[in-house]
Amino acid sequence: MVRRLIHLLLMPCRQATLLMEKRNTNSITSLQKIRLNAHLMICKWCRAYSRKINVMEDAMKKIFTQDVPDRFNKTDLQLFKDKLKEKLK
């Protein structure tokens, strides 16, 4: 009961997942990072989600840092990345 109350007062899961997505684009404040880390210490579900996001982010970075095949235009890929970042904000 106490854990659930602290969980709700600190930050709800819905807000935590949004901040996790924004964290990957480095667009959250220091206070938000502190609150998110406190939430992650309490919530095992959000910790699992955070790990999954990190795995996906690492895979995306690996894919996009490799040489681009000729069939893809580098400007098109950059536009895709920019649109993806915009949607995560």
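The values are calculated or read from the model by the stated rules, or taken from the named source; none is laboratory data. For clarity, every value in this text was computed on a predicted model and none was experimentally measured. We place every Cβ from the backbone using ideal geometry, glycine too, and count neighbours over all the protein chains shown. Accessible surface is based on the protein model in full, side chains and every heavy atom, while ligands, DNA and RNA are left aside. Shrake-Rupley method; radii C 1.70, N 1.55, O 1.52, S 1.80 Å.
Structural remarks
- The equivalent ellipsoid of the chain has semi-axes of 33, 13, 9 Å, largest first, where each one is the square root of 5 times an eigenvalue of the Cα gyration tensor.
- On Cα atoms only, tilt of 30-42 relative to the major axis of the chain in degrees: 70 degrees
- The angle separating the long axis of helix 13-23 from the principal Cα axis of greatest extent in the chain is about 40 degrees.
- What the chain shows is 83 Å² of accessible area per residue, with the surface traced by a 1.4 Å probe over protein heavy atoms.
- Cysteines in the chain lacking any other cysteine Cβ under 4.7 Å from their own Cβ: CYS13.
- Dividing the mean sequence gap of close Cα pairs (under 8 Å, 6+ apart) by how many residues the chain holds gives a relative contact order of 33 percent.
- Rounded percent of accessible protein surface that carbon and sulfur make up, the chain, 1.4 Å probe: 60 percent
- Crossing angle, helix 74-88 versus the chain [Cα axis fit, 0-90 degrees, rounded to tens]: 10 degrees
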